[in-house]
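Below you'll find the structure, written out as structure tokens, and then a few comments.
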Amino acid sequence: MSLAAALLLAGAAAPQVAPPTEVPRVTFDSRSLRIDGNPTLIWSSEFHPFRLPSPDLWRDILQKMKASGFNTVAIYIDWGFHSPKKGVYDFTGIRDVERVLTMAQEEGLYVITRAGPYVNAELSRGGFPGWLVNQPGKARTDDPEYLAAVDEWLDRINPIIARHQLGRGGSVILHQIENELALTTPAQGRYMQHLYDKARADGITVPMFHNDQGRNGYWVPKSSDVLLTVPGPQELYAFDGYPGGVCGVDNKPTRGAPAPDWGLYGPGGARGGASASPKTPGFIAEFGGGWFDYWGSNGMYPCNAIQRGSGYQRVFYGTNIANGIAIQSIYMGYGGTSWGWLPAPVVYTSYDYGSAIDEARNLRPKALELKQIGQFLQAVPDLARLEKAPPVTITGSDAVQVYHDRNPDTDARLLFVAPKPSNATGDARFTITADLPDGRYSFANELHGRDAKLLVAGVNLERQRLVYSTSELQTTIRHGAEDVALFYGRAGESGETVLRYTSAPKVTVVEGEVVNAFDAAKGDLRLTYTHNGLARVRIEGGGRAPLLLLIGDVAAGQSFFRQEALLERGPALVRRATVRGNTLDLTGDTETAAPLEVWGRVRAVRWNGQAVPVTHSVSGSLIARRPLPAPQALALPDLMAATWRYAEGSPEARTNFDDASWTVAGTARNVATIRPPTGQPNLGADSYGFHDGDVWYRGRFTGSPQAQTATIHYGAGGAGMLQLFLDGQLVGQHELAGGLPRPITTGVAEFALPREAQAPGEHVLAAMVRVNGHNWDLDVDDAHKEPRGLISVSLARPGGDSFAVPIAWKIQGRASGEELKDVARGPSNNGGLYGERMGWTLPGFPDGAWPSLKLADAKPYTGTSWYRTVFDLSVPKGEDATIGLQIGDPKTPRSPGRYRMLIFVNGWNMGQFVANVGPQRVFPIPDGILHHRGRNTLALAVTSDGAPGNAIEPVKLVTLHHVRGGVAVTDVAAPAYRDLYPTP
Ligand code: GAL
């Protein structure tokens, strides 16, 4: 059954609870996953809906994945994103998990759910909620308090997933219960069992897995033969891997390492076979399709996209397929944005990842290559089950290797041709001799640069028999009485395709130069050609259904989109194809005026709702008489010409600031991994319910001759910082370095105090800590409990008693802490800046009394200053764009200025710019957060020490993506100022 048909069936059934006798739709054997009994190769990529806070755009990503040849999407679900407070959960608006699962089903994608409790994912706390850091029990163990917290989450998320399983109203086919749990003690074993049992009790019936951090064989299922002290309770063994190297310091791609053999051709022994778990199919739950980037880098995302782009994809993903990896998911398919306080200390706002769909939702060139691989995998179901076939002979070159596999049921062959070693970049010409199902054949081939080829032989394609081809198969369709097959090769390379017939067929070359010869003894029709543009050959008779053979170069192949029995080419993207009667309704995107050609059993074509006049071509297709329209020019307002309102925003520093409503800090229980010296107060922000973003402290002390130096131990995450004021004056600022592999997340700042501190009477120390995320708990060491905010503060004189001067502290973070004021924007949107607490970030805040200025006249200010403006956008209807905010010169990853800035767009915290750390200077704002057809409010919170040169640089709106087409987007509903701050 086709995926669409299966999903249709699934939608029709949709029982809420599984009858006990239900036949499972998703099963597996040692080689493959089976859906409704049919071996199905799972070709997936990862998407984090929480990294795109505009739910209508989730469909855009899913459609782009589907159009790029994937049949599955893998999603992480971030516990902390849904829970600001113990017992409080939200699944509405941008947190509507049901909605993304429904969309995936509607778009014809299977789903792999990965719902934590722990996900890592370069998220603050690895996805744990803020409040969890106050639990004394060790996380990711069977500690009862931790398990109770986990159950609170699973009680809510598991039933949602259960409702969206294949056959029950959705398309979820696999479910992950934990992520990279590398500690395999009995306590972890009991924890894993708990997670498994809970999922089953909550109605999740699809096969479950854990994602091993590398092919270590941790949590290999109980049912396997592998002897482990603590086996996994789940059915499937899965692992992740990020081979392929990283960009050099010069930000240029490197050769990386050869592709690992993580299956059939890998190390044998007890963990041999296609998996580290011989009884389950080869399953890579995450395979690096890019890499994340870190504070202070040179801006590696474009290079990451190339490092794991063209060539890498064919070599590495191809090696996995040849190794019998039957379930493979690319991390990330779309990276998105770690907006607000989502980022872990290791990453900055952009989570572009160098993935096939960039952060601004453009399809990178590598997406076109993925489309070819994906279409191929879907066109040849035989590839879902592979075993080794006898080795082939290669002559003429030592620089290539061929993995020869066969399907044990159909004997169809895969010949994966790769450089040897697979990271080599040279050219090779060679001949392959192989015993294939239809006989012994020798054929010449070439490989140039870093490249690989997935060739098939001895396989039935629709109603045709392919003996072999030195071109790669891209896809096939059944076009009524005729079959269409599309092959491709590198431009200028020669190729041959051999098809089997009972008698000589009639061959008509419709377009291009293709020579044919028929060998009556074997029944082989041999077509020879050079790949160049798109050749078209019609083959009729010979005892088979007629065939239209399309032979393209790579670029021609990449222009094709495919759905069930339809092929289209021309536009930048075809999203959906729906046939109603004789009419084909296409939706999609054009970047420029584009041609359109379609193969399908239809007479009329519509494009984005408009009729397209067509003519019939000799090769059975319909061709648009006029190009599809291009997008119109997009004019953006000039923010430097705009009027801005300005306010100073660190009043907390002043002696007379009213902190009566603030929380007294000191005595809360402290379970953090770093504690103050014995007897000193607990100042950790989390202990007082402030888990994300900035936190302010005010400490009163009596002036003393001891108060000469302030030594401050604080926690602030990657590129975090501290500002210390005494009686309203800045004493100093301290910043933590970003950088890999582990950013510095805590620091000790030492400041000489001004003489006033020694003067008798009361003094006020005020400290602002910029908290850039909590550590992840990757190593099961409770690292997420590393404290944030102040850890300890000592005022002393050199050589004196460290804590001679007692300080009475008060603390204030986000307004009302864990009690969310702004539920729609959620727990990761706001920290505790004064302007945030006062609603200065929000649309409709009455800033009319603030002084106005042009941004070019902005002066450096000590502490945090706020700039607000409004602007209107009018993106033409029927066009899709991503508009971003650019700060300063995008060519320089760091600026001479030393300041940082939070960017609030219509109240949403869309990221942090740190001028002196970098590298991000362009912040894409998704449509829906930005109002593309209406008014927008921009509020920038600029923090600096006020030194000359530290003023805000010029800001500019820039178009990062623009097409005619797109999906319909409604502005994301969220409160305005008057909703959260009603006038009495
Ligand atoms: C994996 C992990 C993911 C993510 C990735 C790197 O090991 O499972 O959550 O952190 O590494 O981007």
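The values are calculated or read from the model by the stated rules, or taken from the named source; none is laboratory data. Please read these numbers as outputs of a predicted model, since none were measured by experiment. Positions of Cβ are generated from backbone atoms using ideal geometry, with glycine treated the same way; all protein chains shown enter the neighbour counts. Only protein heavy atoms, including side chains, enter the accessible area calculation; ligands, DNA and RNA are left aside. Shrake-Rupley method; radii C 1.70, N 1.55, O 1.52, S 1.80 Å.
Listed here are the pairs K64/K877; K64/K252; K64/K371; which of them are more than 22 Å apart at the Cα? Among K64/K877; K64/K252; K64/K371, the Cα-Cα distance tops 22 Å for K64/K252. For the residue pairs K821/K956; K86/K198; K279/K388, alpha carbon separations beyond 28 Å are given by K821/K956. Here the accessible area of the chain is 53 percent carbon and sulfur, with a 1.4 angstrom probe and all protein chains present. Beta-bridge orientation, the chain: approximately 80 percent antiparallel, per DSSP, counting only bridges with both partners inside. Accessible-area rank, largest first, for H616, H448, H210: H616, H448, H210, with all protein chains present and a 1.4 angstrom probe. Kirkwood radius and radius of gyration were both taken over the C-alpha atoms of segment 317-415, and their ratio Rg/Rh is 1.14. Considering only C-alpha atoms, what is the centroid distance from segment 928-950 to segment 546-609, in Å? Centre-to-centre (Cα) distance: 42 Å. Straight-line reach from K522: taking Cα to Cα under 20 Å and skipping same-chain neighbours fewer than 8 places apart, the lysines in range are K506.
Shown here is the pair-distance distribution of segment 649-797: with all Cα-Cα distances grouped in 10 Å bins from zero up to the longest one, the shares run 12, 41, 35, 11, 2 percent.
In segment 897-984, taking the dipole from charged Cβ atoms about the Cα centre, the farthest positive-side position among A915, T959, P975 is held by T959. Considering helices alone, the calculated mean residue ellipticity of the chain at 222 nm is -3500 deg cm²/dmol, with DSSP H runs of length four and up weighted by -39500 (n - 2.57) and normalised per residue. Rounded to the nearest 20 debye, the dipole size of the chain about its Cα centre is 1260 debye, using +1 on the Cβ of Lys and Arg and -1 on the Cβ of Asp and Glu.
When Rg and the Kirkwood radius Rh are both evaluated on Cα atoms of the chain, their ratio Rg/Rh stands at 1.01.
Any idea how far the Cα center of segment 699-764 sits from the one of segment 492-532, in Å? Using only Cα atoms to place each centre, the spacing works out to 78 Å. With Cα atoms as the point set, the radius of gyration and Dmax of segment 444-528 evaluate to 13.3, 41 Å.
Using the 1.4 Å probe convention, the accessible area of the chain works out to 33 Å² per residue with neighbouring protein chains retained.
A straight Cα-to-Cα reach below 12 Å connects K366 with the aspartates and glutamates D358, residues fewer than 8 places away in its own chain not being considered. Taking amide hydrogens as placed 1.01 Å from N in the peptide plane, the amide H of E496 sits under 5 Å from those of T470, S471, each at least 5 positions away in sequence or on another chain. Taking label points 7 Å from Cα along the Cα-to-Cβ direction, L853 and A257 give a separation of 5.3 nm.
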